[in-house]
Structures are given as structure tokens and as C-alpha cells.
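Q: Have a look at this one before I ask anything.
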Amino acid sequence: MKMNELKLVYFSPTGRTRKVIMEVARNIDLKSVSHDFSVYKEKKPVLKFAENDFVLFGIPVYGGRVPALFAQYLQNVTGKNTPAALIATYGCREYEDALIELKDLVENNGFKVIGAAAFPAEHSIVETIGARRPNKADMKVIAEYGVNLNRRLKKEDNFDNIDIHVPGNRPYRKYSKNMLFPKADVNSCTECKACARSCPAGAISIKDPKTTDHKKCIGCLKCVRICKQNARSVNSLKYRIAEGKLKKVCQSDKAAEIFL
């Protein structure tokens with residue numbers, strides 16, 4: 001089958017998943033088109049892909065699951081027995097049910113999964129865990145995943161015989177409750193609205209960027225990192241508690257897992 005285009009469908013609040021998916025895409029011999037759901041869209045886009053498209057889906061793992069917000073976007077993303085590959089990045093703890101959940105979501109929407117991978121990355125909350133990952137060595141592994149996907153696309157005329165198995169459990173684990181809600185220092189905030197424009201969950205109001213809707217907040221902490229005035233932060237006590245717990249269960253030297 002002659003392939004048409006490479007479609008990138010991803011969610012990457014802190015940019016690490018984007019870095020990985022772009023490196024994989026760089027090693028696939030197809031023109032690529034990106035669909036980045038990292039910035040909140042109140043009206044969910046409708047995407048329909050053809051049988052001769054190839055789609056890369058990329059997510060960060062949140063508590064061993066596909067981020068619920070991205071799962072909502074996927075409701076409007078459909079294929080027609082369209083070949084697809086999966087990418088999950090996780091903060092050096094475990095990816096648990098994220099890959100199997102992502103596989104179920106895309107297959108139920110008309111895609112045929114021909115590859116999957118989980119890549120360790122710098123933790124989105126405690127940046128000393130897996131610091132600066134994906135690093136140079138990681139990028140070589142990530143690139144090789146793209147090379148192998150490219151070979152598969154060129155070699156196979158029909159993907160029906162491919163059966164990718166990934167770890168995970170059904171029913172999926174329960175979503176863990178987010179305890180780290182960012183808040184704004186009203187004295188430091190200049191209301192530049194950079195945080196509101198970049199929030200992937202639409203939890204910060206453009207009209208009043210000093211407030212955060214905790215019901216919408218997903219705890220990615222992008223607003224904390226993007227604020228040039230350092231006006232956004234999380235509760236220091238809760239952060240230290242989370243840091244202590246995460247350092248006990250995370251391993252900065254985790255290796256990638258690839259399923260082809």
C-alpha cells in the first residue's frame with residue numbers, strides 16, 4: 001500500500017512527548033502534519049483519517065493512564081482501518097495501563113496499531129527525577145523506533161496480520177486525584193495572560209488569570225514553568241510530600257520498552 005501522509009496526534013503540556021514524537025516522525029519517510037492538543041480547545045476538533053494515512057499518537061502518562069482530557073479529544077478522531085503507532089512518555093515510575101488504554105481507544109475508533117512504545121522522561125512535577133531525559137542515548141532509541149516503523153510501512157502491503165500486545169490491565173486503574181494545584185501570587189502576577197493561553201485544560205481564565213479552576217486543572221504545572229514573573233507556584237508542603245513519595249517509587253535509569 002502506498003502511504004499518503006504521516007499524521008501526528010499528541011498531547012504534550014511540558015514538551016517532552018512532543019520531542020519524542022518529532023524524533024520518531026523524523027525517521028519516517030512521509031510528509032507529516034501535526035495535530036497538537038496541548039493547548040485547550042473548547043470545541044473539540046473532528047479528525048478523520050484515511051486507510052493510507054499513518055498516524056502517530058503520543059501522550060504523557062498521568063497516574064498510569066491516558067490523560068482524561070486527551071481521551072476526550074480522541075472521541076472525535078477516527079480512522080478507516082488506518083495504521084497507527086503509539087508513544088507514551090512517563091516520569092520514570094511506571095506507565096501501567098496507559099499503553100493498553102491508548103491502544104483500546106484508537107482501535108475502537110477505526111485504527112490498526114502496528115507498533116507501540118513507552119519512553120522514560122523527566123518527571124513533570126519533580127524535575128530531578130529522570131533529569132533532562134530524553135537524553136542523547138534515549139534519542140537514539142527513539143529514532144530507531146521510527147526507523148523500524150518506517151521499515152514496516154515499506155515492507156507490508158497489508159497490516160491485518162500484525163497483532164501488537166502491550167502490558168496493562170482491564171479494567172484500568174482508577175485515576176489518581178491531583179493534589180498539586182498551582183496558584184498565583186496576586187502581588188507578583190502582571191496579568192500577562194501567558195499562563196491562560198498555554199493552559200492545556202482551559203483552567204485559567206483569560207479575563208482573570210490570577211485564578212485557577214481546580215476542577216479543570218490537570219496538575220501539569222505548565223503555568224508554573226511558563227510564568228516569567230515566577231508568580232505561580234504550588235503549596236510547598238504538598239510539593240515536598242509528593243517529592244518524597246515519588247523519589248521512593250521512581251527510577252531515573254528506566255529503559256524504553258518497544259513493542260513491534
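Laboratory data are not the source of any read-out in this text; all were calculated from the coordinates shown. Values in this document were obtained by computation on a predicted structure and should not be read as measured data. With ideal geometry, Cβ positions are generated from the backbone for all residues, glycine too; neighbour counts draw on all protein chains shown.
Q: Nothing charged except the Cβ atoms of Lys and Arg (+1) and of Asp and Glu (-1): what's the magnitude of the dipole of segment 183-234 about its Cα centre? Round to the nearest 20 debye. Working shown, then result.
A: Numbers: 11 positive and 4 negative charges, 29 e Å.
Rounded to the nearest 20 debye, it is 140 debye.
Q: Could you state the angle between the C-alpha long axis of helix 136-155 and the longest principal axis of the C-alpha atoms of the chain, as a value from 0 to 90 degrees rounded to the nearest 10?
A: Roughly 30 degrees, rounded to the nearest 10.
Q: In whole Å, what is the distance between the alpha-carbon centres of segment 1-58 and segment 187-210?
A: Cα centroid of segment 1-58 versus Cα centroid of segment 187-210: 27 Å apart.
Q: A further question on this structure: Past 31 Å, Cα to Cα: identify those pairs from LYS19/LYS174; LYS44/LYS80; LYS215/LYS245, in the order given.
A: Numbers: LYS19/LYS174 28 Å; LYS44/LYS80 20 Å; LYS215/LYS245 24 Å.
As for pairs spanning more than 31 Å Cα to Cα, there are none.
Q: Measure of size requested: the Rg and Dmax of segment 183-234, with Cα atoms as the atom set and Å as the unit; please supply both.
A: In order Rg, Dmax, the Cα atoms of segment 183-234 give 9.4, 25 Å.
Q: Roughly how big is the chain's charge dipole about its Cα centre, with Cβ charges of +1 (Lys, Arg) and -1 (Asp, Glu), in debye to the nearest 20? List each step's numbers first, then the result.
A: Numbers: 45 positive and 28 negative charges, 190 e Å.
Roughly 920 debye for the chain.
Q: With each label point set 7 Å from Cα along the Cα-Cβ vector, what nm distance links ARG170 and LYS2?
A: It works out to 3.7 nm between the two label points.
Q: Measuring from label point to label point, each 7 Å out along Cα→Cβ, what is the PHE181 to LYS136 span in nm?
A: Modelled inter-label distance: 4.4 nm.
Q: How tilted is helix 98-108 with respect to the longest principal axis of the chain? Cα atoms for both, answer in degrees (0 to 90, nearest 10).
A: The angle comes out at about 60 degrees.
Q: In Å, the Kirkwood hydrodynamic radius of the chain over pairs of distinct alpha carbons?
A: Values: mean 1/r = 0.0526 Å⁻¹.
Across the chain, the inverse of the average 1/r is 19.0 Å.
Q: In the chain, if the dipole is taken from +1 on Lys/Arg beta carbons and -1 on Asp/Glu beta carbons about the Cα centre, which of ASN158, ASN135, TYR40 is farthest to the positive end?
A: Working it through, the farthest residue towards the positive pole turns out to be TYR40.
Q: Give me the aspartates and glutamates in straight-line cross-link reach of LYS155: C-alpha distance below 15 Å, same-chain residues under 8 apart excluded.
A: Cross-link targets: ASP29.
Q: What full-extension length gain, to one decimal in nm, is calculated for ILE162 and LYS228 as 0.36 nm per residue of separation minus the Cα-Cα distance? Walk me through the intermediate numbers first.
A: Numbers: separation 66, 0.36 × 66 = 23.76 nm, distance 4.80 nm.
That pair, ILE162 and LYS228, stretches by 19.0 nm at full extension.
Q: While we're looking at this one, here's another question. Can you sort PHE49, PHE57 from fewest to most other Cβ atoms within 10 Å of each residue's own Cβ? Can you show the working numbers first?
A: Working: PHE49 22, PHE57 27.
In order of increasing Cβ crowding within 10 Å: PHE49, PHE57.
Q: Continuing with the same structure: Taking LYS222 as the anchor, which aspartates and glutamates have their alpha carbon closer than 13 Å to its alpha carbon, excluding any fewer than eight residues away along the same chain?
A: Answer for LYS222, where 13 Å is the Cα cut-off: GLU127, listed by chain and number.
Q: Taking the mean number of other Cβ atoms within 10 Å as a proxy for protection, how do you rank 218-225, 169-176, 126-133 from highest to lowest? Walk me through the intermediate numbers first.
A: Numbers: 218-225: 21.4, 169-176: 11.1, 126-133: 17.1.
Peptide ranking by packing, descending: 218-225, 126-133, 169-176.
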